1. Run the quick spin-label model on ASP55 and MET164: label points 7 Å from Cα toward the beta carbon, then report their separation in nm to one decimal.
2. For a protection proxy built on the mean count of beta-carbon atoms within 10 angstrom, sort 87-97, 15-25, 191-201 highest first, please.
3. State the answer as a single residue: which of LEU157, ILE27, ASN79 lies farthest towards the positive end of the charge dipole of the chain, with beta carbon charges of +1 for Lys and Arg and -1 for Asp and Glu, about the Cα centre.
4. Just to be sure I understand the rule: take each whole DSSP H helix in the chain, project its Cα atoms onto its long axis, keep it if the span is 15 Å or more and its mean Kyte-Doolittle hydropathy is at least 0.0. Which ones pass?
5. So which residue, out of GLY142, GLY209, GLY35, gets the largest mean-square fluctuation from a GNM of the chain using Cα contacts under 10 Å as springs?
6. Amide H neighbours of TYR96 under 5 Å, at least 5 residues apart or on other chains, H built in the peptide plane: list them.
7. Determine which aspartates and glutamates satisfy two conditions relative to LYS99: a Cα distance under 14 Å, and not lying fewer than 8 residues away in the same chain.
8. For segment 2-117, just say rounded, prolate or oblate: build the C-alpha gyration tensor, square-root its eigenvalues into a ≥ b ≥ c, call rounded for a/c under 1.5, and beyond that prolate if a/b exceeds b/c, oblate if not.
Amino acid sequence: MVLIIEDDDSLRSGLLLALEQDSISTIGAASLQEGKKLLKLNRVDLIVLDCNLPDGNGIDFCREFRKSSNIPIIFLTVNDAEIEIVSAFRVGATDYVTKPFSIMVLRERINAALRRFDGYGNIYSDDTYYFNFDLMEYKVNGSNVILSTVEQKILKLLVMNRNMILPREHLIETVWSVNGDFIDDNALTVAVKRLRQKIGANAIKTVYGLGYMWEGSKK
């Protein structure tokens with residue numbers, strides 16, 4: 001789903017219509033406040049964001065949003081100054097389009113960003129679990145589960161490599177050994193035990209002598 005945050009009603013309506021013609025689900029907001037509410041209620045894969053909105057600045061919004069998500073953000077603005085463009089990319093913009101622009105061209109930029117990002121790859125869902133790794137949202141049988149940073153990293157590695165055995169050494173190096181520090185092997189055992197206690201033990205299989213494997217099946 002694409003969220004368009006744009007205070008120009010006619011432009012927002014035109015973009016919504018153009019994307020819907022491409023069979024892309026869309027929702028629109030006229031302000032940052034409205035956009036934030038829609039983000040909480042919907043699974044959004046890309047944001048089209050006006051730089052200057054009645055209740056705030058798109059640059060500031062993007063900077064804060066990037067702390068919790070890496071979904072694509074395409075900026076719309078009338079300002080083509082180099083410093084403005086550089087600022088947008090520095091806070092995490094995926095693309096930058098100056099007004100006026102061709103809706104057809106913007107539509108293709110959106111499609112290209114969606115193809116590159118493939119946001120659905122960062123979401124896992126089956127009959128028991130729903131994990132949104134971008135929004136750090138984790139549900140078991142519809143109930144929210146709170147995971148620590150380490151637990152989230154382990155879960156994502158297992159889920160994104162489901163049905164593959166991940167060696168203990170690989171998990172330890174990826175999750176902890178960022179600075180090359182020695183990590184006690186027991187730390188992984190304890191973290192996996194806590195993760196199983198929170199989400200259930202069945203999906204994470206221990207392959208003795210090798211490592212762990214996620215056996216869930218994606219819808």
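1. Reported label-point gap for ASP55 and MET164 is 4.3 nm.
2. Going from most to least packed, we get 87-97, 191-201, 15-25.
3. LEU157
4. The answer, listed by residue number, is 9-21, 103-117, 149-160.
5. Greatest mean-square fluctuation among the candidates belongs to GLY209.
6. Those lying under 5 Å, H to H, from TYR96 are PHE75.
7. GLU6, ASP7, ASP8, ASP50, ASP80, GLU84
8. rounded
Where a number appears in this text, it was derived from the coordinates with a stated rule and is not lab data. Keep in mind that this is a model prediction, so the values were computed, not measured. Note that we place each Cβ from the backbone using ideal geometry, even for glycine, and neighbour counts take in every protein chain shown.
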